[in-house]
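Undergrad: What follows is a single structure, and I will ask about it in a moment.
The values are calculated or read from the model by the stated rules, or taken from the named source; none is laboratory data. Note that this is a predicted model, so its numbers are computed, not measured. Please note: Cβ atoms are built from the backbone with ideal geometry, for glycine as well, and neighbour counts cover all protein chains shown. Ligands, DNA and RNA are stripped out before the accessible areas are found, and what is left, the full protein with its side chains, is counted by its heavy atoms. Shrake-Rupley method; radii C 1.70, N 1.55, O 1.52, S 1.80 Å.
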Amino acid sequence: MSAHTVAPPAQVELAIGGMTCASCAARIEKKLNRMDGVEATVNYATEKAKVSFADGVEVADLIATVEATGYTAQEPTPARPETPEGEEADDELRPLRQRLVTAVLLAAPVVAMAMIPALQFAYWQWLSLTLAAPVVVYAAWPFHKAAFTNARHGAATMDTLISLGTSAAFLWSLWALFFGTAGEPGMTHPFELTIGRSDGAGNIYLEAAAGVTAFILAGRYFEARSKRKAGAALKALLELGAKDVTVVHDGGHEMTIPVGDLKVGDRFLVRPGEKIATDGTVVEGTSAVDASMLTGESVPVEVASGDSVTGATLNVGGRLVVEATRVGADTQLSRMARLVEDAQNGKAAAQRLADKISAVFVPVVIALAVATLGFWLGNGAGWTAAFTAAVAVLIIACPCALGLATPTALMVGTGRGAQLGILIKGPEVLETTRKVDTIVLDKTGTVTTGKMTLLATHVAEGTATDEVLRLAGALEHSSEHPIAQAVAAGATAEVGKLPTPEDFANIAGLGVQGVVEGHAVLVGREQLLKEWEIHLPVELARAKAAAEAAGRTAVAVAWDGAARAVLEVADAVKETSPEAIRRLRELGLRPVLLTGDNEAVARSVAAEVGIAPEDVIAEVLPQDKVDVVKRLQGEGRSVAMVGDGVNDAAALAQADLGLAMGTGTDAAIEAGDLTLVRGDLRAAVDAIRLSRKTLGTIRSNLFWAFAYNVAALPLAAAGLLNPMIAGAAMAFSSVFVVGNSLRLRRFKAQVS
């Protein structure tokens, strides 16, 4: 009987409604995590909960738990393509905007009359009540509703503080107007920031109730707008894909269908100027493809039959027929969007601390407000002064900025990264990038192109280079060997169209021979030439030895009974790799080259890109790469690893920070913490720079949010702030944090 295996937990993402602050997110997260077999992360900024749950738990149970906590939950529905993004965001913001406009229009004269004694005519206080009532009842209704819902569940959030503060100020004013002396004609109300002793019966706080509501609604509105803006990169990413596709059926019949109906194996037409509908392989035609919207790489890539293309990239050259290899959620575009969204839904270690503080903050603040009231009453300051200080404590304490500090920076940072072809898998990655001091670089496909390339042509005296390339290239073009293909591609690039051989034979293990333009041509190992009694002259023998000493493959060329040339073929170093290595050093990282190739090849590549000989680790078997990373970690180093192949996946996972080249295999991409969509090593530099900058923004956000609360609470408790100024300061702190995060949108990739 087979052993029982435990199924991995299922995952679901829920769209949460009704959250108004960080404490709401903390409450929902706490309730969900109390369920057996459930792990949840709730993000206030993205308004989503990412939940893992075991067998026996249904999605309906999760939704019921959220609803029992006083909020709404549902599985996100895909955005309707016919709804423009701007209109969709506008619909969500409209109710908030209506309340804000009402609050500002009505609160402005209330505040003006309270602050400017010259405007206080005989019955000004009754006009203030008329104007302030709709603000406190209608405009502030979301705060009161949330506070009531929370109270029913025995909880308190930021809304509780706002509702308590504004309601207390309004109810006090009603009592003073109807039962005290504040309603008498001619009553004046001087504007003061400091405590003053009075009996309180002649004072109203309508300007505080209305002004605080307006300021906080303004903060929430601009915060909501900024959150939409911060998430725009992800929306833009999802919008990149083509909407319709022309499918080519057997017999050449063409039909246009929605891209969602495309299946793996379907062949579709891509005309010049059209987007490629999905990931696939070119089966007909040649063209240049602009992949800048996905990779950030401005130079179009030449593609021909057999080459892979990515969905959402733009065909800027000729007509292509592509066979679909991935559709829907499996495409690179969808995987990129999923990685970005997962990163935005996560939480950094610093934010988890902030969440814990927020969860206990509200009850502490309410207790502090009551203590402030009691202290001032006990010291004979009077009800007015005591009440003012207590309400100011309630208003100033709301740590909304604390709840926004990490999510907004993370949203903007990961969104900007996606635009530049850098995908950050999660917030914990940001903490790691700061600590890394060593970066291990897989050679093939990372530092080098990963493809055999013709690097040099050495010709015998009296022989023309063009003639060597034309004759050797023509013969090699008929061979499938990677070295032969490299020679053929190099020859085509140099001399253009190659002639067709009149005769061709492949000599296993030695090379090829045939007749081209009437010449009997040999291309391959020196041994092949020796079998025909042909020997390399001294200068060619010397070039061959030098090439082999550098770890390159030397290919001999002869025709009509004489050796004519030696061709050097190797895995070429990417043009941008030396610059990337220099920039990695500038970031304080020590580059180490890791390869399975022989020592000579490795040292040659290292010398070309600027890596020290002692930092070259060669002749490593694929399964041993992970041991190299472990050994470096054992020496006390914090190791980043850059790789692109299946054999790099384990090492990427073992490294403290794994950077996977998006041009590589799925296994490597899944194992990496950061995915570099561009096949350019400079993207690794930009990824580390962006990660560090995003982490720096999170830290500065958290510092200012904490500093604001720590500095402002004692001032409020001391009676040095009135509730309206406290409300304005609180709204400003949230807007400051969001604005600081949005600066990451200006992050630029370094270019030569």
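Undergrad: Per the 1.4 Å probe, what fraction of the accessible area of region 17-59, in percent, lies on carbon and sulfur atoms?
TA: Values: 720 of 1730 Å².
That share works out to 42 percent.
Undergrad: Rounded to the nearest 0.05, what FRET efficiency do E517 and A562 have when you use their Cβ-Cβ distance and R0 = 22 Å? Kindly include the intermediate steps, with their values, before the conclusion.
TA: Values: r = 16 Å, r/R0 = 0.72.
Efficiency for this residue pair is about 0.85.
Undergrad: Could you do me a favour and compute the accessible area per residue for region 92-171, 1.4 Å probe, result in Å²? Working shown, then result.
TA: Values: 3610 Å² over 80 residues.
About 45 Å² of surface per residue is accessible.
Undergrad: Which order do F179, F121 take by accessible area at a 1.4 Å probe, largest first? Before the final figure, lay out each step's value.
TA: Values: F179 160, F121 100 Å².
Final ranking, largest accessible area leading: F179, F121.
Undergrad: Turning to a different aspect of this structure: How far apart, in nanometres, would the label points at A118 and T246 be if each is projected 7 angstrom from Cα along the Cα-to-Cβ direction?
TA: Distance between label points: 7.3 nm.
Undergrad: Excluding ligands and nucleic acids, what accessible area in Å² is computed for Y71 using a 1.4 Å probe, to the nearest 10?
TA: That residue has around 10 Å² of solvent-accessible surface.
Undergrad: Right, next: May I ask you to rank D686, D437, D571 by accessible area, largest first, using a 1.4 Å probe over the protein chains only? Spell out each step's value before the answer.
TA: On the way: D686 0, D437 55, D571 25 Å².
These residues rank, largest area first, as D437, D571, D686.
Undergrad: Let me ask something additional. Taking each pair of different alpha-carbon atoms in region 440-491 once, compute 1/r for the pair, average those values, and report the inverse of that mean as the Kirkwood hydrodynamic radius in Å to one decimal. Before the final figure, lay out each step's value.
TA: Details: mean 1/r = 0.0816 Å⁻¹.
Computed over region 440-491, the radius equals 12.3 Å.
Undergrad: Mind ranking 182-188, 328-334, 169-175 by how tightly packed they are, going by the mean number of other C-beta atoms within 10 angstrom, highest first? Each step should come with its number before you reach the end.
TA: Values: 182-188: 14.6, 328-334: 17.0, 169-175: 20.7.
Packing proxy ranking, top to bottom: 169-175, 328-334, 182-188.
Undergrad: Same structure again: Note down the Stokes-Einstein diffusion coefficient of region 500-612 in µm²/s, whole number, using a Kirkwood radius over alpha carbon pairs, 37 °C, and 0.692 mPa s.
TA: Numbers: Rh = 16.4 Å.
In µm²/s, the coefficient is 200.
Undergrad: Taking the full set of protein chains and a 1.4 angstrom probe, give the accessible area of K425 in square angstrom, rounded to the nearest 10.
TA: Looks like 60 Å² after rounding.
Undergrad: Quote the accessible area belonging to W376 in square angstrom, nearest 10, computed with a 1.4 Å probe and with ligands, DNA and RNA left uncounted.
TA: It works out to around 50 Å².
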